[in-house]
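Quick notes on the structure that follows.
The values are calculated or read from the model by the stated rules, or taken from the named source; none is laboratory data. None of the values given here were measured: they were computed from a predicted structure. Because the Cβ atoms are built from the backbone with ideal geometry, glycine has one as well, and the counts that use them run over all protein chains shown.
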Amino acid sequence: MIRRSLLSLALLALSAPLVHAQGYPTKPIRLVVPFPAGGATDLLARSIAQRLGQGLGQTVVVENKAGAGGSLGSAEVAKAAPDGYTLLIATSSTHSIGPHLNPKLPYKTTGPDSDFTPIAHVADATNVLLVPLDLPVKNVAELNAYAKARPGQLNYASSGNGTIVHLTTEAFKSQAGIYVTHIPYRGTALAIPDLVSNKVQILFDSIVSGMPHVKDGKLKALAVTGKTRSALAPELPTVAESGLPGFSSTTWFGIYGPKGLPADITARLNAEFNKALQSAEVRDRLARLGAEVAVANTPAQFAALVQADSDRWAAIIRERKITLD
């Protein structure tokens, strides 16, 4: 009798995750955005949430928990119950870059000790290399030659220390072998007037916010930073095509749950996110944000991408001695 009871308990324990997943979800799901409303991450989350909710049969509530470079919202999700009802939309800055600039973060983002469960890689966004109209260069090769002939005389703008714009330009400088002075701003939009007036000469800006200045005839675009050309500006070559082989820098966006999220709930969410991303409506919304939908998207592939991205930025941060100060 005791043996039979123990066997029944063991079978019940084994079947519990399946029973839980079969009933999931039974209430609204929170999708935490660790940045303010209106930004790219927020808009991307809202572009997906409604379609995702339709697939899951529950409302997906987008909730902004901004602060400390995305670490406040990330920490909240890391501490949440691993039941599939609290998710995080993370980016390169929160999970690939931030941990190497701030080792005191209350969570780990990669490796076997990560405090997160990777669910889905949803999109990537590329930047565009902008220069003033009166800078006498027409492509990346000419820019590099111009900078090499004037070491320390040119300036580049960024959206602040430790941002992906900062790191992208430092990676570019390292590979090109040029010396250009860093001028940090509180966002790339604030740098545009100085770029137009040639007070700074280089800016890697979001393709969505940068290209309108090119189309208005105020700036020149030399290349994009992705591994492939962008559908938003197919006439522009990549930096890698332009003389720096292998160069790439994109901002990825992806979905995480807390550590310990059951595998079957992870698989269900992954499938529903992938289904939502195939919607023409969602793809169109993401394209207008300058984001391209991720492909070949499994949790394992997403984890591998983030690990590789983290390792790459860690090397740049060490090499270029980049800090938040």
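Structural remarks
- Hits in the stretch 92-127 (condition: in a loop (DSSP other than H, G, I, E, B) and either over 17 Å from Ala75 (Cβ atoms) or of a type in the set (Ser, Thr, Tyr) (or both)): Tyr107, Thr109, Thr110, Gly111, Pro112, Ser114
- When every residue of the stretch 177-191 is checked against the conditions, at least one turns out to be of a type in the set (S, T, N, Q), over 23 Å from Arg150 (Cα atoms) and either in contact (Cβ under 8 Å) with a residue 12 or more places away in the chain or in a loop (DSSP other than H, G, I, E, B) (or both).
- Checked across the stretch 82-99, the condition of being free of Cβ contacts under 8 Å to residues at least 40 places away in the same chain, out of contact with any Gly (no Cβ under 8 Å at 6 or more places or on another chain), outside the structural domain of His166 (by TED's automatic domain parsing) and more than 25 Å from Leu43 (Cβ to Cβ) holds for no residue.
- Members of the stretch 186-195 that are surrounded by 17 or more Cβ atoms within 10 Å (Cβ to Cβ) and either in contact with a His (Cβ under 9 Å, 6 or more places away or on another chain) or within 14 Å of Pro132 (Cβ to Cβ) (or both): Ala191, Ile192, Asp194, Leu195
- Pairs are defined by a Cβ separation below 9 Å, a sequence spacing of at least 6 or placement on different chains, a first member in the stretch 262-282 that is over 15 Å from Arg46 (Cα atoms), and a second member that is among the acidic types (Asp, Glu); the pairs so defined are Pro262/Asp83; Ile265/Asp83.
- Filter pass, Leu244 being in a loop (DSSP other than H, G, I, E, B), closer than 30 Å to Glu76 by Cα, of a type in the set (A, V, I, L, M, F, W, C) and over 20 Å from the mean Cα position of the chain (by Cα): no
- Counted residues, the stretch 74-93 - those being out of contact with any strand residue (DSSP E or B) (no Cβ under 8 Å at 6 or more places or on another chain) and either under 22 Å from Ala37 (Cβ atoms) or buried (at least 20 other Cβ atoms within 10 Å of the Cβ) (or both): 1
- When the test is whether a residue is in contact (Cβ under 8 Å) with a residue 60 or more places away in the chain, part of a helix (DSSP H, G or I) and closer than 23 Å to Thr163 by Cβ, Thr41 passes it.
- Hits in the stretch 214-236 - residues which are touching a residue at least 24 places away in the same chain (Cβ under 8 Å) and of a type outside the set (A, V, I, L, M, F, W, C): Gly217, Lys218, Lys220, Thr225, Gly226, Ser230
- Filtered residue count, the stretch 275-325, keeping only those that are under 22 Å from Thr109 (Cα atoms), assigned to a helix (DSSP H, G or I) and out of contact with any Pro (no Cβ under 6 Å at 6 or more places or on another chain): 18
- Per-region count, the stretch 139-165, residues without any contact (Cβ under 8 Å) to a residue 24 or more places away in the chain and either crowded, with 17+ Cβ neighbours inside 10 Å or not polar (S, T, N, Q) (or both): 5
- Which numbered condition Ser159 misses (of (1) assigned by TED's automatic domain parsing to the domain that holds Val62; (2) under 16 Å from the mean Cα position of the chain (by Cα); (3) of a type in the set (S, T, N, Q)): (1)
- Taken over the stretch 230-241, residues that are touching a strand residue (DSSP E or B) at 6+ places or on another chain (Cβ under 6 Å), part of a loop (DSSP other than H, G, I, E, B) and over 14 Å from Leu143 (Cβ atoms) amount to 1.
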